[in-house]
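Have a look at the structure below, then the notes.
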Amino acid sequence: MSSRLRRALQVGLTSAAMVGAAVAGAPVASAATAYYVDCSFTGSPSGTQAAPLTSLSQVNGRKFGAGDSVLFKRGTTCTGRFVASGSGAPGSPITVGAYGTGARPVLDGAGAGGETVLLKDVSHWTVRDLRVTNPGTTAERAGVRVRSTTIAAKADIVLTGLEVDHVAGWSDKTGTNADWFKGSAGISVLSDATAGAIAGLHITGNYVHDTGGGGIKITIKPAQYHTDVLVARNQIVSVGGDGIVVHGSDAPLVEYNRADDLGGGAYPFLTGNFAGMWPINSRNPVFQFNEVTRNHPSTYDSTAWDCDGAIVGTCTYQYNFSSNNAGGFFLGCQHCTEYPNYHAKQVIRYNVSQDDCRIAADGDKSSPSVYYNNTFYCMARPFDVKVPIGATATTLFANNIFVSQGGSLPAGSGVTYRSNLYWGGFPAPAGDEGAVKSDPKLNYAGGSATGFNSVAGYQLTTGSPALGTGTAAADAGTRDYFGAPVPRADGKVDIGADNSSGVAAKTYSSLREAFDNVGISNDLNPKAGGITLSGRSFSGQALEAAGIKYPRAVVGGVGFDWPQRYYGFPDNVKAAGQKITVSGSGGKLSFLGAATFGTQSGTGTVTYTDGTFSSFTLSFGDFWAATPIAGNTPAAAMTYHHKPPTKYNDASTGRDEQDVRLWSTSVPLDAAKSVASVTLPDVGGPLASAGLHVFSMAIS
């Protein structure tokens, strides 16, 4: 009998049984059968593409086998829970996916308790290309859950290409129902402590947003460590808790993930603590090439990265980027859980941190910690550094760049400094004999953020004092953030995350590309900004109410592009002589902006396409000023602005009722000529000290 005939007979014999499976018991499927599901179909269901199944209850009535697939029709929605039954085989998994054209098929839990998709005590399953949701009143809830409850080992679980959103999980980590937080996430892997581990757990390429409790969480260590754990290339946005948590895993690899606006979204974080991406109760975890931005405040944490309790071996963070997280860059918390502290080594190397400005790791007294070749850039606040010191401590900072207007590094026994660079008011500790104390000449520092500019802003430019002045270290790795080899071909080591021979200074193709400061923050996350050294910023919501909002604002008859759509990313240029490519012709060049620390003024240059140029004077009044200076008109007046919250986990304490204003001003142009570029005045340097902040400009 041919395989095609055998398959046709198989489908015909099993289709009638499928419809009544819930009543008659679940028949076992033969190998490699595709079952089609269209919950909008009104005909008689058999499971073929011509006569698909019409409900999740019909699907749940089957026990699947190696090579089988369950395919949902694109553009349709099925309501209820999908519960997996049966296991595939090595190299022949059971696949849940999509067929047809159009949007991902939707599996909507419609408020069902627990989860929408459940893979419990099964092996060799791949779930892909679906949209999974479960809205409702918040409770212990997940979108997709992998569950291990029996002592049998499990294997080969792949979750890929999913969109998981609006899952009403539990976002309160304290109180009577605090345990609900553990099992709440967009994607949850939850084990019993005595259950079998999973060998092969790959969570890749998913988009998780607006899910209560967090994004992707592997929770509770089973009887043995999970192995072959990969969490990669996921986008996690606006979830009510942790971005990625990896629990109970041996050598897990977490890479190329992005997490943004953690603590926000449809089911925002309420109380307790969360962080960006972190391991707990695991062995030799590695987090690399990830990005965490704009974490909301929590009780204490809210950092981008964290080495947590019961880590064995080495906890490594390398080649990551983070910015504007309310809790800062790194939390060392091996000592602060109910799990044992095994004093794992912490290796923090070749990361870029922008306006995170906090390391809180002083509690891990006996955990060897090394910080190699990181670039720390704190424009709008002091850098708060707490690391282990004392008789039991072994802490080393080597080849790091520290740019901040204030703060200091701890001194004492147990902490060593070698060949770091310090600039902007951040003093070098006395013990750093190779210290460099000057401008690192970064390419366009402060301008790096998802959707805006690249982290190339933290490359070293030609002539930087950080080039070749670092110290070789045995375990500093073999490459830098950007992929260049370490050491360089000439045997030298640079200071900071870039280990190249230097790049030419940046020429900006637009004002937006030159953004190097966060001057607008969200009412729910007021700490993510600062146009002054005290961390003051405009409220995005207040600007919107005044008519200044994405994508375009009209002020005094002039239309301005307003690219500030997501508050807490770089949104303005602190004028420091940047040359901006501009095209167009007209009678005037108009600016939207404000000054800090009083009225500020400076001379800029307009260059025309014929090679001629003209100078102009740009002046702005202080953003706190009640009346305009000569040449300024109010673009927007707001009755409040933001400051760093006085209560760490209460955004409302970051609201200051002081009136503030955004100003508009114009300078003349030669209307007969076409503009090629605008060079801004050089006023005050890059830190959030006195200066001019330009949010938009337009030719008219």
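Values quoted throughout were computed directly from the atomic coordinates according to the rules given, and no laboratory measurement underlies them. This is a predicted model, so every value here is computed, not measured. All Cβ positions, even for glycine, are placed from backbone atoms using ideal geometry, and neighbour counts span all protein chains on display.
Modelling each spin label as a point 7 Å along the Cα-to-Cβ direction, I'd like the S413/A545 distance in nm, to one decimal.
Distance between label points: 5.7 nm.
By the gyration tensor of its Cα atoms, with a ≥ b ≥ c the square roots of the eigenvalues, what is the shape of segment 629-669: rounded for a/c under 1.5, prolate for a/b over b/c, or oblate?
On the way: a/c = 4.89, a/b = 3.37, b/c = 1.45.
Prolate shape, in that a/c is at least 1.5 and a/b is the bigger ratio.
What FRET efficiency comes out for the pair A505/T392, r = Cβ-Cβ distance, R0 = 56 Å, nearest 0.05? Intermediate results must be reported in sequence, preceding the final value.
Details: r = 46 Å, r/R0 = 0.81.
The calculated FRET efficiency here is 0.80.
Any idea how far apart D610 and T149 come out in nm if each label point goes 7 Å out from Cα toward Cβ?
It is 8.2 nm.
Just to verify a number: FRET efficiency for K588 and A103, C-beta to C-beta distance, R0 = 60 Å, to 0.05? Before the final figure, lay out each step's value.
Working: r = 47 Å, r/R0 = 0.78.
Computed FRET efficiency for K588 and A103 comes out at 0.80.
Once R0 is set to 41 Å, what does the formula 1/(1 + (r/R0)^6) return for the Cβ-Cβ distance between R565 and S44, expressed as a FRET efficiency to the nearest 0.05? Before the final figure, lay out the partial values.
Values: r = 49 Å, r/R0 = 1.20.
It comes to 0.25.
Near K345, which lysines are there with a Cα under 24 Å away, not counting those fewer than 8 places off in the same chain?
K217, K221, K365, K386
Can you tell me the length gained on complete extension of the stretch T627 to A672, counting 0.36 nm per residue apart and subtracting the Cα distance? Numbers along the way, then the final one.
Working: separation 45, 0.36 × 45 = 16.20 nm, distance 3.45 nm.
Working it through step by step, the gained length comes to 12.8 nm.
Counting only the backbone N, which residues of segment 336-376 are under 11 Å from the spot 7 Å out from the Cα of A178 toward its beta-carbon?
338
First check a/c for segment 61-124, with a ≥ b ≥ c the square roots of the eigenvalues of its C-alpha gyration tensor; if it is under 1.5, answer rounded, and if not, answer prolate when a/b is larger than b/c or oblate otherwise.
Working: a/c = 2.71, a/b = 1.27, b/c = 2.13.
Since a/c reaches 1.5 but b/c is at least a/b, the shape of segment 61-124 is classed as oblate.
Specify which residue in the list A139, L162, G61 is farthest towards the positive end of the charge dipole of the chain, using unit charges on the beta carbon of Lys, Arg (+1) and Asp, Glu (-1), about the Cα centre.
G61
Enumerate the aspartates and glutamates that K437 could reach by cross-link, defined here as Cα to Cα under 16 Å, with residues fewer than 8 away along the same chain left out.
Those aspartates and glutamates meeting the cut-off are D494.
Return one number: the angle in degrees, 0 to 90 and rounded to the nearest 10, between the long axis of the Cα atoms of helix 3-19 and the longest principal axis of the Cα atoms of the chain.
On a 0 to 90 degree scale, this one is about 90.
Please go through segment 434-541 and write out the trypsin sites (Lys or Arg not before Pro) that DSSP classes as loop and that have at most 16 other C-beta atoms within 10 Å. Working shown, then result.
Working: sites: K437, K441, R479, R488, K492, K506, R512, K527, R536; in loops: K437, K441, R488, K492, K506, K527, R536.
Loop-located and lightly packed - K437, K492.
So what is the 222 nm mean residue ellipticity for the chain from helices alone, if each DSSP H run of at least 4 adds -39500 (n - 2.57) and you divide by all residues, rounding to the nearest 500 deg cm²/dmol? Walk me through the intermediate numbers first.
Working: 4 runs with 32 residues, N = 700.
-1000 deg cm²/dmol, from helical runs alone.
Would you mind calculating the gained length between T581 and A266 on full extension (0.36 nm times residue separation, minus the Cα-Cα distance), in nm to one decimal?
Details: separation 315, 0.36 × 315 = 113.40 nm, distance 3.94 nm.
Working it through step by step, the gained length comes to 109.5 nm.
For a quick size check, give me the Cα extents of the chain along its three principal axes, largest first, whole Å.
86, 65, 52
What aspartates and glutamates could a cross-link reach from K574, if we take a straight Cα to Cα line under 16 Å and drop same-chain neighbours fewer than 8 places away?
Once the sequence-local aspartates and glutamates are set aside, what remains near K574 is D355, E513, D516, D622, D682.
Please check which bits of segment 572-615 a label hung off R552 would reach, taking the label as a point 7 Å along Cα-to-C-beta and the cut-off as backbone N under 19 Å.
Answer for this model: 583-592.
What are the extents of the Cα atoms of segment 373-418 along their three principal axes, listed from largest to smallest and rounded to whole Å?
Principal extents (largest minus smallest coordinate, Cα): 34, 18, 10 Å.
Under the rule that an exposed site lies in a DSSP loop and has at most 10 other Cβ atoms within 10 Å, name the longest stretch of the chain with no GluC sites (Glu not before Pro) of that kind, not counting the sites themselves.
Numbers: sites that count: E338, E433, E657.
Within the chain, the longest run free of exposed GluC sites (Glu not before Pro) spans 1-337.
Calculate the spin-label point distance for K492 paired with S438, positioning each point 7 Å from the Cα along the beta-carbon direction, and give it in nanometres.
1.3
Sequence-distant or interchain residues sharing an amide H contact under 5 Å with G328, placed H: which?
Those qualifying (amide H under 5 Å, at least 5 residues apart or on another chain) are A304.
Quick one: which residues, 5 or more positions from D260 or on another chain, have an amide H under 5 Å from its amide H? H modelled 1.01 Å from N in the peptide plane, none for Pro or chain starts.
I236, V237, S238, T293
Cα-based Rg (one decimal) and Dmax (whole number) for segment 394-448, in Å?
Cα radius of gyration and Dmax of segment 394-448 are 11.7, 37 Å respectively.
For q values of 0.11, 0.17, 0.18 Å⁻¹, compute log₁₀ I(q)/I(0) with the Debye formula on a Cα-only model of segment 504-582, without solvent.
The Debye formula, applied to the Cα set alone, gives -0.31, -0.72, -0.80.
List every residue whose amide H lies under 5 Å from the amide H of V246, counting only residues 5 or more places away in sequence or on a different chain, with H placed 1.01 Å from N in the peptide plane.
Under 5 Å from the amide H of V246: I218, W278, I280.
Set Lys and Arg Cβ to +1 and Asp and Glu Cβ to -1, take the dipole of the chain about its Cα centre, and tell me which of T293, G114, G215 lies farthest positive.
Value computed over the given set: G114.
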